[in-house]
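Throughout, read-outs are computed from the coordinates displayed, never taken from laboratory work. Everything numeric in this text was worked out from a predicted model, so none of it was measured. Counting neighbours? That spans all protein chains shown, and the Cβs are built from the backbone with ideal geometry, glycine included.
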Amino acid sequence: MRLTRRDVCSVIPAVLIPAILPREASALQDSAMPSATYPFDKLPVQKTNDAEYREALKGKLATGESLEVHETTLPPGAAPHPPHRHVHSEMWLIREGTVELNVNGAISRLGPGSVGFVRSNDLHGIKNTGTTAATYFVVEIGPGVDV
């Protein structure tokens, strides 16, 4: 059987990729956040502008993405910052109160149990439009999450 240069070149990835990927996957697994729990009463409260927040976790996943989760509490009428955009995706899990989520100019009113999501590079902002404090979890995932 005669092998051509094309035949040989087509086999190279099949031989090299399995040899390389396990090492990369192992390195990611070794540097990834470990499985853990984060009791709410152990999360220190921090303040910035009008917002109060508790950082729950921050780090890299075994699959390579950056992840950050925190809880924010806003008083009535407050916003943590002006609308902005960034590379990572972001999700809000509303626990208490009423917020308005502005995504690319489309405004949605969200209450307890609601979820909001913004993909990479969409303009977005959140504001407490209720008469009581609004509390929500923020989940940020992807490149650009400060780790």
HN-Hα couplings for region 49-62 via Karplus (6.51, -1.76, 1.60; θ = phi - 60°), in whole Hz with x for Gly/Pro, come out as 6, 8, 8, 10, 9, 10, 7, 8, 8, 7, x, 9, 7, 4
For the pair THR131 and ALA51, the simple spin-label estimate (label points 7 Å beyond Cα toward Cβ) gives in nm 2.6
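Which order do PHE117, PHE137, PHE40 fall in if you start with the one that has the fewest other Cβ atoms within 10 Å? Don't skip to the answer; put the middle values down first.
Working: PHE117 13, PHE137 16, PHE40 8.
Result, fewest neighbours first: PHE40, PHE117, PHE137.
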Simple spin-label estimate for ASP30/LYS60, 7 Å along Cα→Cβ, in nm, reads 1.2
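Counting alpha carbon pairs within less than 8 Å and at least 6 residues apart, what relative contact order, in whole percent, applies to region 34-130? Write out the running numbers ahead of the final one.
Details: 188 pairs, mean separation 23.9, N = 97.
Relative CO of region 34-130 lands at 25 percent.
Could you line up VAL103, VAL145, VAL115 from fewest to most neighbouring Cβ atoms inside 10 Å?
Numbers: VAL103 17, VAL145 20, VAL115 13.
Arranged by neighbour count, lowest to highest, VAL103, VAL145, VAL115 become VAL115, VAL103, VAL145.
Add +1 for every Lys or Arg and -1 for every Asp or Glu among the other residues with Cβ under 12 Å from the Cβ of ASN121, and state the total. Display every interim value, and only then the final one.
Working: positive: ARG85, ARG119; negative: GLU90, ASP122.
Residues close to ASN121 contribute a combined charge of 0.
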Going residue by residue through region 63-72, the Karplus relation 6.51 cos²θ - 1.76 cosθ + 1.60 with θ = phi - 60° gives ³J(HN,Hα) values, rounded to whole Hz and with x marking Gly or Pro, of 8, x, 6, 8, 9, 9, 10, 8, 10, 10
Phi-derived 3J(HN,Hα) across region 31-41 with the Karplus relation (6.51, -1.76, 1.60, θ = phi - 60°), rounded Hz, x for Gly and Pro, is 9, 6, 4, x, 4, 6, 10, 9, x, 4, 5
Rh_Kirkwood(region 40-141) over Cα pairs, Å, one decimal, evaluates to 13.9
Label model pair ARG95, LEU43: point-to-point distance (7 angstrom along the Cα→beta-carbon line) in nm is 0.6
